[in-house]
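Trainee: Right, I'll just put the structure down here and ask away after.
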Amino acid sequence: MLENIRKYTGLFIVVLVLIFVGLVFLQSNMSGRGPSSGPIMVKTKDKTYAYKDVQKAENEIRLGQRILQTSIQNGSFDTYGDISQYLGTLEGGGNEEMTKRYLVHRENFNRARKEFGLYPSKEEIDLYQREKVFTGRDGVFDDESYNQFTDKGLRNLGMTINDLNDFIGNLLAFKEFTNILGAGVVANEEAAQESFIANSQQFTLSTLSLDLADFKKDISPTDEEVKTYWEENKGRYETEAKRRLTYFTAAPDFDAALAKKKEEEAGKEKTPAEEAADAEKTPEQIAADDKAKAENLTLTPEERKKLVDELGLTIEENIWVVLQGQIDNGAKKAEIEPLAEEFGYEVKTTELLPISELPAEIRGPVRGTQTTVEQELLDASLNSDNVMDTLSEILGVGQESWLMYRVDEAVEPTEKTFEEAKEDAKNDLVQKKAEEALKAAIESAREEVAKALADGKPLNEAAAEQNLKLAEHLTFTANGQVPSEPNPRDIFRLASQTKTGEISSAEVIEPLMDRGVFVFVKERTFEENEQNKAGLTRAVSTQQQALRMALVQHWFTAQFDESEVELVTLKN
């Protein structure tokens with residue numbers, strides 16, 4: 001899409017004009033209130049924010065996340081998009097610095113609301129909650145879900161129904177603000193459709209490649225070369241960070257949930273059709289069929305996910321939020337143990353260990369994010385006035401478990417000596433030299449094959465002369481998998497940039513850098529079916545929405561820069 005923007009300068013001029021208009025409208029009201037009490041955490045040219053403001057912002061963000069979770073559980077995915085765009089644009093969520101940025105973005109947005117008169121009515125706010133948030137999968141307002149959220153969920157966050165209404169009001173105002181700021185933004189239909197077609201084609205092609213391993217085996221650097229390389233890259237070779245943790249993991253009791261489901265199913269009255277079928281059976285057959293039906297009953301993926309989500313909310317409400325309240329009231333330590341044990345979770349404490357040697361149950365990806373538990377542990381700080389910095393969020397681990405931990409001790413990495421780093425440095429140097437050789441070889445081979453094809457030589461002969469691995473007559477689509485091809489997306493990308501009957505540029509595939517490759521495109525097709533016709537139409541609206549959101553993001557960034565923000569980190 002960025003390439004399309006660069007190609008169509010007329011569209012970009014429209015965007016820039018709208019940005020300018022937005023700034024002119026909104027910069028005329030840059031006045032602030034007096035400073036809050038307590039240690040100053042954020043300063044702008046017009047206002048200061050204390051630590052309690054940061055805490056309030058964190059609760060607002062958590063409220064938004066809670067609303068999002070509730071709406072998803074109820075099957076309302078429109079709300080997911082609305083809240084994700086709102087919090088994402090205002091940088092709500094993530095680390096403390098992002099929360100501070102959220103404070104400034106929110107203040108600038110409040111000025112915009114005042115400038116444009118963006119104050120949704122109580123009726124609009126109520127309607128959104130009834131139709132988008134607290135609506136069951138049958139499309140009917142779920143009074144029980146609403147009451148549970150307002151009676152328990154809000155109370156655990158220390159918030160009220162007014163806070164809920166204010167957040168929904170902000171959300172609706174943000175949606176209208178994007179409409180105002182993005183008015184007149186028009187996607188380039190030709191560019192959007194060309195992009196869709198490029199990503200929806202089917203290619204028949206051949207791949208020609210070289211492997212990094214063939215280059216590494218002939219490289220043997222001297223000790224002097226290794227030491228020189230180590231001296232130039234000392235910062236890369238450090239001892240591993242260590243942590244001592246107190247933690248617990250939790251997973252839903254699926255067996256109990258299934259037993260409850262079976263009990264409920266057994267207690268249901270049979271439908272007229274089932275009773276009619278039973279009339280043709282003996283009592284023994286009916287009993288056997290009912291038993292088989294009960295034995296075959298399982299929890300659906302949706303039911304399992306709901307149990308996992310509900311457990312996460314329970315831990316948050318009954319442990320995390322309680323600990324936050326204790327710490328806000330002066331507690332010097334996040335006392336996980338009594339609260340976890342009260343709910344039947346086994347609390348464990350590790351030795352002081354390298355992060356990679358911590359128990360497997362508390363390592364690996366954090367479910368639903370791009371980060372890992374290991375990265376979260378590296379970011380955890382003991383050098384802070386805020387006790388909450390030693391306490392993790394509730395992290396999804398594995399397929400269906402939750403993790404919460406407290407960092408009790410931390411040892412940060414230190415630089416390795418040459419002897420300690422020698423083997424790693426040698427391997428890295430071999431890798432570097434091999435990558436350079438591979439890059440030169442695949443580019444040279446590509447040029448030689450191009451010449452050979454121009455002279456009329458068959459592809460297989462041209463490949464053999466350059467010692468290339470050749471895989472012919474492969475069929476590729478954007479999301480398809482080819483069993484013999486380890487890098488299908490990269491191959492598809494190369495093909496989509498290459499004319500039929502020609503060879504692509506040569507590349508060393510990232511991030512592993514273990515293979516150099518180029519492709520020969522034999523043919524390409526785009527099927528003009530109903531699905532693709534709909535996709536062409538959708539591509540235009542998708543690009544238009546993306547341009548509008550890019551414009552809104554630009555406005556918030558420009559306002560942030562104009563505010564002359566200073567982020568203050570409190571230290572011991």
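The values are calculated or read from the model by the stated rules, or taken from the named source; none is laboratory data. Everything quoted here is computed from the prediction, not taken from an experiment. A quick note on method: Cβ atoms are made from the backbone with ideal geometry, for glycine too, and the neighbour counts reach across all protein chains shown. Remember, those area values only see protein heavy atoms, side chains included, never the ligands or the DNA or RNA. Shrake-Rupley method; radii C 1.70, N 1.55, O 1.52, S 1.80 Å.
Trainee: Which helices (runs of 4 or more DSSP H) sit wholly inside region 451-564 and have at least 1 residues that are within 24 Å of the chain's Cα centre (by Cα) and closer than 30 Å to ARG106 by Cβ?
Mentor: Correct list: 530-562.
Trainee: Do you know which residues across region 119-144 are in contact (Cβ under 8 Å) with a residue 60 or more places away in the chain and not in a helix (DSSP H, G or I)?
Mentor: PHE134, THR135, GLY136, ARG137, ASP142
Trainee: Does ALA192 satisfy the criteria of being hydrophobic (A, V, I, L, M, F, W, C), part of a helix (DSSP H, G or I) and either modelled with pLDDT under 95 or surrounded by 18 or more Cβ atoms within 10 Å (Cβ to Cβ) (or both)?
Mentor: yes
Trainee: Can you tell me which residue is surrounded by the fewest Cβ atoms within 10 Å (Cβ to Cβ) among those in region 200-246 that are touching a Pro at 6+ places or on another chain (Cβ under 7 Å) and in a strand (DSSP E or B)?
Mentor: GLU238
Trainee: OK, next. Find the residue count for region 328-345, including only residues that are open to solvent by 50 Å² or more (accessible area, probe 1.4 Å) and out of contact with any helix residue (DSSP H, G or I) (no Cβ under 8 Å at 6 or more places or on another chain).
Mentor: Adding up the residues that qualify gives 5.
Trainee: So which residues in region 456-471 are touching a helix residue (DSSP H, G or I) at 6+ places or on another chain (Cβ under 9 Å) and either under 23 Å from ASP218 (Cβ atoms) or open to solvent by 30 Å² or more (accessible area, probe 1.4 Å) (or both)?
Mentor: LYS457, PRO458, GLU461, ALA463, GLU465, GLN466, ASN467, LEU468, LYS469, LEU470
Trainee: From ALA425, ALA380, ALA445, grab the single residue that is closer than 30 Å to TYR229 by Cα, open to solvent by less than 40 Å² (accessible area, probe 1.4 Å) and touching a strand residue (DSSP E or B) at 6+ places or on another chain (Cβ under 8 Å).
Mentor: Just one listed residue meets the conditions, ALA445.
Trainee: Name the residues in region 38-78 that are outside any helix (DSSP H, G or I), modelled with pLDDT of 85 or more and surrounded by 17 or more Cβ atoms within 10 Å (Cβ to Cβ), would you?
Mentor: Correct list: VAL42, LYS43, THR44, LYS47, THR48, TYR49.
Trainee: Which one is nearest to the chain's Cα centre (by Cα) among residues in region 247-289 that are part of a loop (DSSP other than H, G, I, E, B) and within 20 Å of ASP309 (Cα to Cα)?
Mentor: Checked region 247-289; the qualifying residue nearest to the chain's Cα centre (by Cα) is ALA251.
Trainee: I've got another one for you. Counting just the residues of region 291-327 that are farther than 30 Å from GLU58 by Cα and open to solvent by 70 Å² or more (accessible area, probe 1.4 Å), which one comes out farthest from the chain's Cα centre (by Cα)?
Mentor: Across region 291-327, the extreme among qualifying residues is LYS291.
Trainee: Further, regarding this structure: Given the criterion in a helix (DSSP H, G or I), at pLDDT 90 or above, open to solvent by 20 Å² or more (accessible area, probe 1.4 Å) and closer than 30 Å to GLN324 by Cβ, identify the matching residue among ASN147, ASN170.
Mentor: ASN170
Trainee: Here's a follow-up. Can you run down the residue pairs with Cβ atoms below 7 Å, 6 or more apart or on separate chains, where the first is in region 42-56 and touching a residue at least 60 places away in the same chain (Cβ under 8 Å) and on the phi < 0 side of the Ramachandran plot and the partner is among the polar types (S, T, N, Q) and assigned to a loop (DSSP other than H, G, I, E, B)?
Mentor: What qualifies is THR44/SER563; LYS45/SER563; ASP46/SER31.
Trainee: Quick check on region 102-127: of everything there that is basic (Lys, Arg) and closer than 20 Å to HIS554 by Cα, which residue is most open to solvent (accessible area, probe 1.4 Å)?
Mentor: LYS114
Yes or no, residue by residue, for (1) over 14 Å from SER195 (Cβ atoms); (2) acidic (Asp, Glu); (3) open to solvent by less than 50 Å² (accessible area, probe 1.4 Å); (4) touching a residue at least 40 places away in the same chain (Cβ under 8 Å):
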| position | (1), (2), (3), (4) |
| --- | --- |
| ILE509 | yes, no, yes, no |
| ARG515 | yes, no, yes, yes |
| LYS522 | yes, no, no, yes |
| GLU530 | yes, yes, no, no |
| GLN559 | yes, no, yes, yes |
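Trainee: Conditions: (1) touching a strand residue (DSSP E or B) at 6+ places or on another chain (Cβ under 7 Å); (2) touching a residue at least 12 places away in the same chain (Cβ under 8 Å). ASN188 meets all but one. Number of the miss?
Mentor: (1)
Trainee: Spot the failing condition for ALA437; the list is (1) part of a helix (DSSP H, G or I); (2) in contact (Cβ under 8 Å) with a residue 60 or more places away in the chain; (3) touching a Lys or Arg at 6+ places or on another chain (Cβ under 7 Å), and only one is missed.
Mentor: (3)
Trainee: Which condition from (1) in a loop (DSSP other than H, G, I, E, B); (2) in contact (Cβ under 8 Å) with a residue 60 or more places away in the chain is the one that LEU378 breaks?
Mentor: LEU378 satisfies all of (1) in a loop (DSSP other than H, G, I, E, B); (2) in contact (Cβ under 8 Å) with a residue 60 or more places away in the chain except (1).
Trainee: Within region 128-147, work out how many residues are of a type in the set (Ser, Thr, Tyr) and touching a Gly at 6+ places or on another chain (Cβ under 6 Å).
Mentor: So the count comes out to 0.
Trainee: Would you be able to tell me the number of residues in region 229-249 that are at pLDDT below 95 and either out of contact with any strand residue (DSSP E or B) (no Cβ under 9 Å at 6 or more places or on another chain) or farther than 30 Å from GLU361 by Cβ (or both)?
Mentor: Counting residues in region 229-249 that are at pLDDT below 95 and either out of contact with any strand residue (DSSP E or B) (no Cβ under 9 Å at 6 or more places or on another chain) or farther than 30 Å from GLU361 by Cβ (or both) gives 3.
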